[in-house]
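Comments concern the structure below.
The values are calculated or read from the model by the stated rules, or taken from the named source; none is laboratory data. The model shown is predicted, which means the values in this text are computed figures rather than measured ones. Cβ coordinates were reconstructed from backbone atoms using ideal geometry, including for glycine residues, and neighbour counts include every protein chain displayed.
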Amino acid sequence: MGLIVELAEYERLADQVRATDDLLARALFGDPPAAEALIAECDGEPAGYALFFSTFSTFLAIQGVWLEDLFVRPSFRRHGVGRLLLAAVAARTRERGGERLEWSALDWNELALDFYRGLGAGRMDEWITHRLVGDKLEELAQQAPL
């Protein structure tokens, strides 16, 4: 949970964190789990984490993985921790027969964008992410036929 808060602070989104230890435990260890997480440690200290979940491609008719978070604490950056975390998520994707691993990054986060470019990840500038949250999500949900 502490790493999630650190990521939110880094991304200037700390005011949006609503997660709690209990909610996170239910999401990661519920039946079925909503997501999975890998935590990297260096000398017993948490260095970073990757949080991901399954997706599905209708065009490929096969599952993939959405990487929701990849975060490495500043003191552990440039030591290969992020690459190892992302490689572990890629390995899990392939083990499950997945054909693609996707994620998003903030447009101002040049450190992350350069890292992803260095891995050979392609940008998908033609796709624009959309989101419904809170009242707007509820408004649309109320329109569903029951």
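Listing for the model above:
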{"item": "Test for Leu51: is it part of a strand (DSSP E or B), surrounded by 11 or more Cβ atoms within 10 Å (Cβ to Cβ) and either without any contact (Cβ under 8 Å) to a residue 40 or more places away in the chain or not charged (D, E, K, R) (or both)", "result": "yes"}
{"item": "Condition check for Leu137: among the hydrophobic types (A, V, I, L, M, F, W, C) and either within 20 Å of Ala8 (Cα to Cα) or touching a strand residue (DSSP E or B) at 6+ places or on another chain (Cβ under 6 Å) (or both)", "result": "no"}
{"item": "Unique match (being of a type outside the set (Gly, Ala, Ser) and either surrounded by 13 or more Cβ atoms within 10 Å (Cβ to Cβ) or part of a helix (DSSP H, G or I) (or both)) among Glu6, Glu41", "result": "Glu6"}
{"item": "Those residues of region 78-98 which are surrounded by fewer than 15 Cβ atoms within 10 Å (Cβ to Cβ) and not small (Gly, Ala, Ser), in sequence order", "result": "Arg78, His79, Arg83, Arg94, Glu95, Arg96"}
{"item": "Residue match in region 17-28 (condition: surrounded by fewer than 16 Cβ atoms within 10 Å (Cβ to Cβ), within 21 Å of Ala121 (Cα to Cα), modelled with pLDDT of 95 or more and charged (D, E, K, R))", "result": "no"}
{"item": "Number of the exception - Leu146 against (1) loosely packed, with under 10 Cβ neighbours inside 10 Å; (2) closer than 24 Å to Leu38 by Cα; (3) at pLDDT below 95", "result": "(2)"}
{"item": "Hits in region 54-99 - residues which are part of a loop (DSSP other than H, G, I, E, B) and touching a strand residue (DSSP E or B) at 6+ places or on another chain (Cβ under 7 Å)", "result": "Arg73, Arg96, Gly97, Gly98, Glu99"}
{"item": "First in region 73-89 and on the phi < 0 side of the Ramachandran plot and free of Cβ contacts under 8 Å to residues at least 12 places away in the same chain, second anywhere and surrounded by 19 or more Cβ atoms within 10 Å (Cβ to Cβ) and charged (D, E, K, R), Cβ under 7 Å, 6 or more apart", "result": "none"}
{"item": "Condition broken by Glu126, with the remaining ones in (1) in contact with a strand residue (DSSP E or B) (Cβ under 6 Å, 6 or more places away or on another chain); (2) loosely packed, with under 10 Cβ neighbours inside 10 Å; (3) not hydroxyl-bearing (Ser, Thr, Tyr) satisfied", "result": "(1)"}
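Rundown of residues vs (1) closer than 24 Å to Ala25 by Cα; (2) in contact with a Lys or Arg (Cβ under 6 Å, 6 or more places away or on another chain); (3) at pLDDT 95 or above, yes/no style:
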residue	(1), (2), (3)
Ser54	yes, no, yes
Leu60	no, no, no
Gly64	yes, yes, yes
Glu68	yes, no, yes
Gly82	yes, no, yes
Leu86	yes, no, yes
Arg92	yes, no, yes
Leu106	no, no, no
Trp127	no, no, no
